[in-house]
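The values are calculated or read from the model by the stated rules, or taken from the named source; none is laboratory data. Note that the coordinates shown come from a computational prediction; the quantities given were computed from them, not determined experimentally. Note: ideal-geometry Cβ built from the backbone for every residue, glycine included; neighbour counts use all protein chains shown.
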């Protein structure tokens, strides 16, 4: 009976086999991610396609490619409401700009105090601040409405901007606290030796290093404020002050005469600023969430 001789596999061949297996594994992972991304992005692609379809094809034709392009949906949607759609975009931009400035200024100051300064009841106040994250807006909306109504701020932008100046978004305070804690304290000590006060250290040392966290705060504030429907519905009743989410709601008709083509067209327009702002700051967003600090 003949015996078989086993030929050992050479090290270069084993390395090639491992590289091939690694390449195949990466290929399968990327294919899975692409498939998952297509599933997630399908509603957006469907809405984009529906914005170019005639009304009778929007829900009857499941294809993502319109048989005929109805460019009129964008023209009609822009002018169908009591004001041109750019009026509502401008109102949203005003609120968003005030909210971003308010969060960047107030939350960064509160985060610096919690991360670097020592003061009485610091731990308890920090715990209370974190506990407010769990409070839904429906719990505080009635007391806030009564307060702002006594101030005469209903039907103005102030209820949507002024709270941001008071560091009411605990999530962003926590995000910046974690980022600042990752910065070496030796930087603070060096700046104080050079004669900087706490304000000087905050403005000249901490803030320039917190650009990723500040960018993350700005991006999330933009997205959340731009898409906010509930608060704006409560405080803005005047049609001249209404924002993009409220304007999109005006396209819906309880009697069944909804202009779906115009609604989807203006929804695509409303997504443009969000995508633009996100793409402009996405590299800072990743660094800010990771809170990497200085390497």
**Asked** Out of region 215-272, which residues are free of Cβ contacts under 8 Å to residues at least 40 places away in the same chain and buried (at least 21 other Cβ atoms within 10 Å of the Cβ)?
**Response** 248
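Residue-by-condition table, conditions (1) surrounded by 12 or more Cβ atoms within 10 Å (Cβ to Cβ); (2) within 28 Å of residue 161 (Cα to Cα):
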position: 36; (1), (2): no, no
position: 41; (1), (2): no, no
position: 67; (1), (2): no, no
position: 73; (1), (2): yes, no
position: 116; (1), (2): yes, yes
position: 120; (1), (2): no, no
**Asked** Residue check, residue 83 against (1) surrounded by fewer than 21 Cβ atoms within 10 Å (Cβ to Cβ); (2) part of a helix (DSSP H, G or I), all met but one. Which one?
**Response** (2)
**Prompt:** If you go through region 49-60 one residue at a time, do you hit one that is surrounded by 15 or more Cβ atoms within 10 Å (Cβ to Cβ) and in the same structural domain as residue 248 (by TED's automatic domain parsing)?
**Reply:** no
**Prompt:** Condition test on residue 92, is it surrounded by 15 or more Cβ atoms within 10 Å (Cβ to Cβ) and not assigned by TED's automatic domain parsing to the domain that holds residue 162?
**Reply:** no
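Here's the yes/no breakdown for (1) in contact with a strand residue (DSSP E or B) (Cβ under 7 Å, 6 or more places away or on another chain); (2) modelled with pLDDT of 90 or more; (3) buried (at least 19 other Cβ atoms within 10 Å of the Cβ); (4) assigned by TED's automatic domain parsing to the domain that holds residue 109:
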residue	(1), (2), (3), (4)
153	no, yes, no, yes
177	no, yes, yes, yes
184	no, no, no, yes
191	no, no, no, yes
196	no, no, no, yes
**Asked** Could you list, in sequence order, the residues of region 51-75 that are part of a helix (DSSP H, G or I) and within 15 Å of residue 270 (Cα to Cα)?
**Response** 73, 74, 75
